[in-house]
Amino acid sequence: MRLVLLGAPGAGKGTQAKKLIEKFGIPQISTGDILRKAVADGTPLGKEAKIVMDKGELVPDSIVIGLVKERLAQDDCRKGYILDGFPRNTSQAETLDKVLSDMNASLDVALSVDVDKDDLMKRLTGRRTCRKCQQMYNVYFSPAKNDGICDKCGGELFQRDDDKEATIKNRLDVYEKATAPLIDYYGKKGILKSVKGVGSIDEIFSNICSILG
Ligand code: AMP
């Protein structure tokens, strides 16, 4: 299955993607995670990307498309994959269609995870991530048992630079302008499905599984 996850930052795409990996045995390709790794590794690409990411803006298409193309060509993508955070605008979506068609493939589903704006702000400003294992928490909805410490591995919890309030506002604006039009784009192609991204993680996942069949 080749799946695109659509939804605003904070809608829970990454969390659901992790559960989908287990169920379907296909990898998650998160351009945000790939870029954050480049930033953490201090590569030239990472240094360039960090400036843009900290402002909540989009990294240039040419960079992101190159990263995705490279990833899709890897062996573990043969059975399918979950694209999380890509495509982010119409130009990326069109390029993806072309890349897939060159590989004699196409997308099966674009799944939109829908959450309203007030909820998104709380989810994003409250989000904390483990430095060691990347496990996510939320100070409002799903706090760690001990403040600032990961339940799973004891690592330190931190707030991503792009989860600060000013950046979040910008990320949500960028989503509205650049990414939300993709709902229409995939609707017209007849592969769009939607799920409400509210309720427990397991409830949302169970709805996703029913939708995906
Ligand atoms: P995410 O974790 O998906 O919210 O991504 C974090 C940040 O990485 C975004 O705010 C962008 O700056 C950058 N980014 C991730 N995916 C893309 C993409 N497909 N195109 C451009 N920039 C991206």
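The values are calculated or read from the model by the stated rules, or taken from the named source; none is laboratory data. All of these numbers come straight from a predicted model, not from anything done at the bench. We place every Cβ from the backbone using ideal geometry, glycine too, and count neighbours over all the protein chains shown.
Points to keep in mind about this one:
- Residue count, the range 68-87 (criterion: within 13 Å of the ligand (Cβ to nearest atom) and either free of Cβ contacts under 8 Å to residues at least 12 places away in the same chain or buried (at least 19 other Cβ atoms within 10 Å of the Cβ) (or both)): 7
- Just so you know, in the range 35-57 the residues that are near the ligand (Cβ under 8 Å from one of its atoms) and crowded, with 17+ Cβ neighbours inside 10 Å include one that is nearest to Phe86 (Cα to Cα), and it is Leu35.
- Scanning the range 58-67 for residues that are more than 8 Å from the ligand (Cβ to nearest atom) and not β-branched (Val, Ile, Thr) yields Ser62, Gly66, Leu67.
- Criterion applied to Ser91, Ser62 was being small (Gly, Ala, Ser), in contact with an Asp or Glu (Cβ under 9 Å, 6 or more places away or on another chain) and farther than 19 Å from Gly10 by Cα, and the one residue passing it is Ser91.
- Listed conditions (1) at pLDDT below 95; (2) over 16 Å from the mean Cα position of the chain (by Cα); (3) over 24 Å from Leu20 (Cβ atoms) are all met by Asn146, apart from (1).
- Any hit, the range 69-77, residues being farther than 18 Å from Gly7 by Cα and assigned to a loop (DSSP other than H, G, I, E, B): yes
- Among the residues of the range 109-131, not a single one is modelled with pLDDT of 95 or more, part of a helix (DSSP H, G or I) and within 12 Å of the ligand (Cβ to nearest atom).
- From the options Leu157, Leu182, residue that is on the phi < 0 side of the Ramachandran plot, part of a strand (DSSP E or B) and at pLDDT 95 or above: Leu157
- If you go through the range 7-27 and pick out every residue that is in contact with a Phe, Trp or Tyr (Cβ under 7 Å, 6 or more places away or on another chain) and away from the ligand (no atom under 11 Å from the Cβ), you end up with 4.
- Looking only at the range 141-197, and only at residues there that are crowded, with 17+ Cβ neighbours inside 10 Å and aromatic (Phe, Trp, Tyr), the one that is nearest to Pro60 (Cα to Cα): Tyr175
- Selection count, the range 165-187, where residues are more than 10 Å from the ligand (Cβ to nearest atom) and either basic (Lys, Arg) or closer than 28 Å to Ser106 by Cα (or both): 11
- Residue within the range 88-104 that is within 19 Å of Met136 (Cβ to Cβ), in a helix (DSSP H, G or I) and either within 11 Å of the ligand (Cβ to nearest atom) or in contact with a Leu (Cβ under 6 Å, 6 or more places away or on another chain) (or both) present: no
- The set of residues in the range 34-61 being part of a loop (DSSP other than H, G, I, E, B) and among the aliphatic types (A, V, I, L, M) consists of Leu58, Val59.
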